[in-house]
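The values are calculated or read from the model by the stated rules, or taken from the named source; none is laboratory data. What you see is a predicted model, and the numbers here were worked out from it, not measured in a lab. Using ideal geometry, Cβ is built from the backbone for each residue, glycine included, and neighbour counts are taken over all protein chains shown. The protein model used for the area step is the full one, side chains on, heavy atoms only, and it has no ligands, DNA or RNA in it. Shrake-Rupley method; radii C 1.70, N 1.55, O 1.52, S 1.80 Å.
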Amino acid sequence: MEFRGEQRVPLLAAEDVPEHADLFISSQEMYGFVPNSFLIMGRDPELLDIAGRQMARIIMQKPGKTSIELRWLVAHLSSRAAGCRYCSAHSGHLGEKLGYISEAKLDSIWEFESSPLFDDGERAAMRVGVGGAMTPCAVTDKDMAELRRHFDDDAVVELVAVIALFGFFNRWNDIFKTELEAPPSVFAGEKLQTLGRTEP
Amino acid sequence: MSGQRLESLDISEIPDHEGLFDLCNDLYGLIPNSFLIMGRDPELLDVAGQQLQSTVMQKPGKTSIALRWMIGHISSRAAGSRYGSAHSGYFSDHLAGVTEKKLDAIWEFETSPLFDDAERAALRVAVGGGQAPTAVTDVDMAELREHYDDDAIVEIIAVIGLFGFFNRWNDIFQTEMEGPTRDFADRKLDRLGPPEG
């Protein structure tokens with residue numbers, strides 16, 4: 001076990017969580033690293049299975065009415081709105097690396113209301129992603145009405161599930177100050193000097 | 001438009017979940033409207049509604065169930081989530097035996113003799129953790145580590161994380177409260193945050 005930098009609990013080693021060896025191996029293969037958030041969560045292997053595996057799969061990967069791209073855009077933007085550096089870096093770096101989000105869209109993320117890179121459906125979803133990440137929640141009736149103009153009930157559930165999933169992970173990683181692994185750390189250094197919206 | 005922003009399904013529209021709904025009625029005395037919205041994705045309902053809740057809030061561990069419900073309650077209040085505050089407030093008593101007097105004093109946890117130092121440390125992290133951006137300091141975490149080992153800390157942060165999921169879910173949907181939880185809110189939740197002054 002080791003402490004890393006500012007991180008507030010020591011990480012387990014992957015070998016300490018044998019029931020999740022396959023999860024760690026596939027993370028290593030897909031991402032190039034094992035998420036430190038999982039190596040903290042491994043102290044409760046059941047929790048890691050539910051939150052780290054199943055909820056992540058259902059909400060971010062399972063085919064549905066919304067595109068994987070849109071779910072990753074919403075995840076990234078709401079993490080930035082919440083001020084969570086770890087989740088912003090992960091969703092941004094991996095979103096790009098895995099081909100879900102273009103660099104152009106990422107670089108313009110805070111201009112979603114006006115940039116031609118985004119359509120009105122994406123705008124509506126991202127607007128709810130921003131408001132939904134705030135405390136207190138800042139999603140208005142108007143925001144939801146606009147969302148429902150573009151998305152049916154099943155799609156709305158998919159999008160709110162993304163925002164909610166990152167409600168879990170934003171708090172988890174912010175409280176633990178989970179240390180960023182090397183690849184998302186490079187991304188953060190290049191792209192995440194500020195998380196929130198910068199005033200013109 | 002006001003009120004709940006997506007319609008609750010009827011339980012008849014959520015097949016194969018009789019077990020979950022029976023459990024809700026037995027354990028909670030109600031079926032949460034948050035679940036009746038979520039039922040559009042039955043897999044999500046299974047995993048977030050049943051499995052995540054039960055692992056985080058019911059599975060025996062190093063922290064008491066009462067403490068976990070108080071953590072859920074104060075972090076929901078810090079987040080401004082009325083539904084989350086009402087549910088956790090009602091269930092702190094109904095499920096975990098937290099006295100009305102103690103719950104009424106929740107915002108005085110730093111000073112009230114009803115709370116011990118270990119509870120104070122956990123509730124302090126819950127307050128900070130319920131905010132965006134989170135406001136949990138290194139001092140808060142060091143104090144938490146004085147009272148809890150790493151496994152217990154994971155349990156505590158998991159509660160805050162669980163309510164992070166459900167606070168966002170229920171606040172975005174403006175989920176309507178059910179009978180007993182609405183009653184709790186009417187009686188106890190004039191304000192969510194700490195008293196002024």
With every protein chain in place, the accessible area of A:R123 for a 1.4 Å probe, in Å² rounded to the nearest 10, comes to 40 Å²
How many nm separate the modelled label positions at A:D120 and A:R197, each set 7 Å beyond the Cα in the direction of the Cβ?
2.0 nm
Given R₀ = 30 Å, what would the calculated FRET efficiency be for A:E69 paired with B:D138, taking r from the Cβ atoms and rounding to 0.05?
0.20
Rounded accessible area per residue of the protein assembly as shown, 1.4 Å, Å²
40 Å²
Restraint check, A:K177/B:K62; A:K65/A:K97; A:K97/A:K177; B:K62/B:K101; A:K62/B:K188; A:K65/B:K62, Cα-Cα greater than 29 Å:
A:K62/B:K188; A:K65/B:K62
Within 10 Å of the Cβ of an average residue in A:129-139, the count of other chain Cβ atoms is 6
With a ≥ b ≥ c taken as the square roots of the eigenvalues of the C-alpha gyration tensor of the stretch A:1-81, please select rounded if a/c is under 1.5 and otherwise prolate if a/b is larger than b/c or oblate if it is not?
prolate
Output the direction-averaged projected area (hull surface divided by four) of the convex hull of the alpha-carbon atoms of the stretch A:148-200, in nm².
6.0 nm²
Of all the accessible heavy-atom surface of the protein assembly as shown, with the other protein chains kept in place and a 1.4 Å probe, what percent is carbon and sulfur?
50 percent
If unit charges are put on Cβ atoms (+1 for Lys and Arg, -1 for Asp and Glu) and the dipole of the stretch B:98-170 is taken about its Cα centre, the option from B:A135, B:A152, B:N170 lying farthest towards the positive end turns out to be B:N170
Largest to smallest accessible area among A:T135, B:T55 [probe 1.4 Å]:
A:T135, B:T55
Summarise the partner chain shielding of B:80-87 as one whole number: the mean count of Cβ atoms from other chains within 10 Å of each residue's Cβ.
1
The B/A contact buries a total accessible area, at probe radius 1.4 Å and rounded to the nearest 100 Å², of 4400 Å²
What number comes out for the charge environment of A:P184, summing +1 per Lys or Arg and -1 per Asp or Glu over other residues with Cβ under 12 Å away?
-1
May I have the extent of the alpha carbons of the protein assembly as shown along their three principal axes, as whole Å values ordered from largest to smallest?
55, 51, 47
Among residues of the stretch B:142-161, a drop of 10 Å² or more in 1.4 Å probe accessible area, assembly relative to the chain on its own, occurs for B:R145, B:D150, B:D151, B:I153, B:V154, B:I157, B:A158, B:I160, B:G161
Taking every pair of alpha-carbon atoms in chain A, what share in percent sits in each 5 Å bin, from 0 to the bin with the longest distance?
1, 8, 16, 21, 21, 15, 10, 6, 3, 1, 0
Cα-based equivalent ellipsoid, the stretch B:1-89: semi-axes from gyration tensor eigenvalues, Å
23, 18, 11
To the nearest 10 degrees, how steep is helix A:21-31 against the longest Cα principal axis of chain A, on a 0 to 90 scale?
50 degrees
Any chance you could list the semi-axes, whole Å, largest first, of the equivalent ellipsoid that the Cα gyration tensor gives for the stretch A:43-87, using √(5λ)?
21, 17, 5
From the C-alpha gyration tensor of chain B, square roots of 5λ in Å
28, 18, 15
Residue-averaged [θ]222 nm for the protein assembly as shown, counting only DSSP H segments that reach four residues, each worth -39500 (n - 2.57):
-17000 deg cm²/dmol
Rg/Rh ratio calculated on Cα atoms of the stretch B:56-142 (Kirkwood radius):
0.94
So, in Å, what gap is there between the alpha-carbon centers of the stretch B:30-79 and the stretch B:144-175?
10 Å
Taking a cut-off of 18 Å, what percent of all Cα-Cα pairs in the stretch A:39-153 are separated by more than that?
55 percent
Kindly report, to the nearest 10 Å², the accessible surface of A:D152 as traced by a 1.4 Å probe over protein heavy atoms only.
70 Å²
Lone Cys, the protein assembly as shown, Cβ cut-off 4.7 Å -> A:C137, B:C24
